[in-house]
Amino acid sequence: MSMKWSIQILVAVFALAFVFGSGPRQILFFSHLLAAETQEDDFLFPDDPPPEPEGYRMKDYRTMVPLSLKGARVVTDVQAMELHKAGKTLFIDVMPMIPKPPNLPEGTVWRAKPRKNIPDSVWLANVGYGLLPQEMKAFFQYHLQRLTNGKRDKPLLFYCQKECWMSWNAAKRALEFGYKSVTWYPLGTDGWVTIGGKLVKAKPVPLPNLTRPLRP
């Protein structure tokens, strides 16, 4: 719902409450009544974005994300597309994926879930978990080093989907690795397509063998 429409509804609620009685019960009644009519139950009480945690997000990765990431630039859809067109920023997709189980019975067909991402991106899957096994941390560090030719000031942009903490975690971890030009794109591929951006079939960088599973 747009801000203009929300304000109009708020005005209507308080106008009705003024006419029929302005107590809190009346205001709540009229707000629910109008919410039912507009099929918007939370227009008066929207969820606020959470604050930045001190460390990494450790669970419930698909939920509302903060508005900021200390040390990183946060971009909108339009700003992300401008960076993409400029061609100087490395786009890194951190969408998680389930790797092929190592002990499948012979003859079992394994089909990984397909992924489409922003053109010219590098898909480093599973680096956005809050707790990474040492092998995954080394995997992340190695490929960032390779992709940037060891230049810590190379502009990097991390994304996933909207309301996905994986990209927030990955961008934060890159900052801790010492990269100095880190951008976080919170809306990711969901936001990209809303402004006409195209997606292409993605292929992940091969994952390392893990001695212990990632924690979802």
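Would you mind counting up the charge near Pro119? Only other residues with Cβ under 14 Å from its Cβ, with Lys and Arg at +1 and Asp and Glu at -1.
Around Pro119, the surrounding residues sum to +4.
As a footprinting exposure proxy, order Ser167, Ser121 by other Cβ within 10 Å, with the fewest listed first.
Ser121, Ser167
Restricting to lysines 8 or more places apart or on different chains, can you count the pairs in region 125-189 with Cα atoms under 15 Å from each other?
4
For region 179-187, what does the Karplus curve 6.51 cos²θ - 1.76 cosθ + 1.60, with θ = phi - 60°, yield as ³J(HN,Hα) per residue in whole Hz, taken in order and with x for Gly and Pro?
After applying 6.51 cos²θ - 1.76 cosθ + 1.60, I find 6, 9, 10, 9, 10, 10, 10, x, 7 Hz.
Could you derive backbone 3J(HN,Hα) for region 91-96 from the dihedral phi with the Karplus parameters 6.51, -1.76 and 1.60 (θ = phi - 60°), listing whole Hz in sequence and x where the residue is Gly or Pro?
8, 10, 8, 10, 3, x
Taking 25 °C and 0.890 mPa s as the conditions, I'd like the Stokes-Einstein D for region 84-202 in µm²/s, using the Kirkwood hydrodynamic radius from alpha carbon pairs.
162
For Asn149 and Lys198, calculate 0.36 nm times their separation in residues minus their Cα-Cα distance, and state this gained length in nm to one decimal.
14.9 nm
Viscosity 0.890 mPa s, temperature 25 °C: what is the translational diffusion coefficient of region 132-216 from Stokes-Einstein with a Kirkwood Rh over Cα pairs, rounded to a whole number of µm²/s?
Result for D is 172 µm²/s.
What nm value, rounded to one decimal, do you get for the distance between Arg62 and Asp120 when each label is placed 7 Å out toward the C-beta?
Placing both labels 7 Å along Cα→Cβ, they lie 3.0 nm apart.
Calculate the spin-label point distance for Asn209 paired with Lys88, positioning each point 7 Å from the Cα along the beta-carbon direction, and give it in nanometres.
With each label point 7 Å from Cα toward Cβ, the separation is 4.3 nm.
Laboratory data are not the source of any read-out in this text; all were calculated from the coordinates shown. Keep in mind that this is a model prediction, so the values were computed, not measured. No Cβ is skipped: glycine too gets one built from the backbone with ideal geometry, and neighbour counts run over all protein chains shown.
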